[in-house]
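Input: a single structure, listed below in structure tokens.
Just so it is clear, none of the values below were taken in a lab; they were calculated from the coordinates. Source: prediction; values computed, not measured. Neighbour counts run over all protein chains shown; Cβ positions are idealised from the backbone, glycine included.
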Amino acid sequence: MDKRVTIAEVVGEIRDGMTVGIGGWGSRRKPMALVRALVRAGKKDLTLVTYGGPDVGLLVAAGCVKRVVTGFVSLDSIPLEPHFRRARSAGTIELTEYDEGMLYWGLLAAANRLPFLPIRAGLGSDVMRVNPGLRTVHSPYADATELVAMPAVGLDVSLVHLNRADAGGNGRYLGPDPYFDDLFCLAAKRRFVSCERVLSTGDLIETGPPQTLLTNRSMVDGVVETPHGAHFTSCVPDYGRDEAFQREYATTDWDAFRARYLDGDEDDYQKAVAG
């Protein structure tokens, strides 16, 4: 089945108030072309679930976000995402902050259609204080160990970016880390993969070892070919993080940055970056 769609068709499925999971990690392999399209579309009151980077910053700065569910929000080489930091300081967005492993466990629970999974992470830390809704359980076995009952983190929509995919949704990463993009897809009701290149299934199989085939067609509802679509985050080995552009993003007034790079469509963005 050919599941190729346009950026506009993906954005058209995302409604105000939805919970949107975004793959990648910090400022690495984020589906930025789709994020930019959400900014242009002016979506509102979104709950973002992500190991956050500039995906969070762009959407927060544009007024699209009600709540962020995360383990961190960082630009990696710039420790704190500036737009997220300002919004939290001003109290204009809500935050659910988990341990990184807890968020992984929440996605895993949702992927397996479980209400929660037990985990040690969080015990004895302020995670329990800042998330008063979290509960603990005791092992039903002889050890009776107390554990955090990490609730499932279900998603309405997931957006991930991979190096290569075929038209059916089978997708491959070529870099050093899969992050948790497969779990973001499995935890969501609707799942969209953007990629650097769409290949035939035969060519996709030949581009790397089997273990780097991260998504399969049963996990994906739409595929978008977006060359350089993770910019300015990294998409190794196709390209690294654009450090100069990231510094410009982090230090430029939001209105000026938006006018320069986001007021047009994705083609306009790529031309502005190239220029």
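Among 253-264, 80-91, 192-203, the peptide with the highest mean count of other Cβ atoms within 10 Å heads the list, and the full ranking is 192-203, 80-91, 253-264.
Contact order, relative form, for the stretch 131-213: 31 percent (alpha carbon pairs under 8 Å, 6 or more residues apart, mean separation divided by residue count).
What ranking do Lys3, Lys43 get, fewest neighbouring Cβ atoms within 10 angstrom at the top? Write out the running numbers ahead of the final one.
Details: Lys3 17, Lys43 21.
Fewest-to-most ranking of Lys3, Lys43: Lys3, Lys43.
Peptides 119-125, 172-178 ranked from most to least packed by the mean count of surrounding Cβ atoms within 10 Å: 172-178, 119-125. Around the amide H of Val65, modelled in the peptide plane, lie the amide H atoms of Asp45, Leu46, all under 5 Å away and 5 or more residues distant in sequence or on another chain.
Could you work out the per residue convex hull volume over the alpha carbons of the stretch 79-149, in cubic angstrom? Please report the intermediate quantities before stating the final value.
Numbers: hull volume 8.7 nm³, N = 71.
Cα convex hull per residue, to the nearest whole number: 122 Å³.
Annotation: average projected area of the stretch 143-194 is 5.5 square nanometres, based on the convex hull of Cα atoms across all directions.
Once backbone amide H atoms are built at 1.01 Å from N, Leu75 has Leu80, Glu81 as its partners under 5 Å, excluding neighbours fewer than 5 places away on the same chain.
Three semi-axes describe the equivalent ellipsoid of the stretch 107-259; taken as square roots of 5 times the Cα gyration tensor eigenvalues and ordered largest first, they are 34, 24, 14 Å. Here is how the number arises for the chain: DSSP H runs of 4 or more residues each give -39500 (n - 2.57), the sum is divided by the residue count, and the result at 222 nm is -8500 deg cm²/dmol.
Scoring 231-237, 244-250, 20-26, 141-147 by mean Cβ neighbours within 10 Å over their residues and listing the highest first yields 20-26, 231-237, 244-250, 141-147.
Calculated from the alpha-carbon coordinates, the chain shows an Rg and a Dmax of 18.6, 66 Å respectively.
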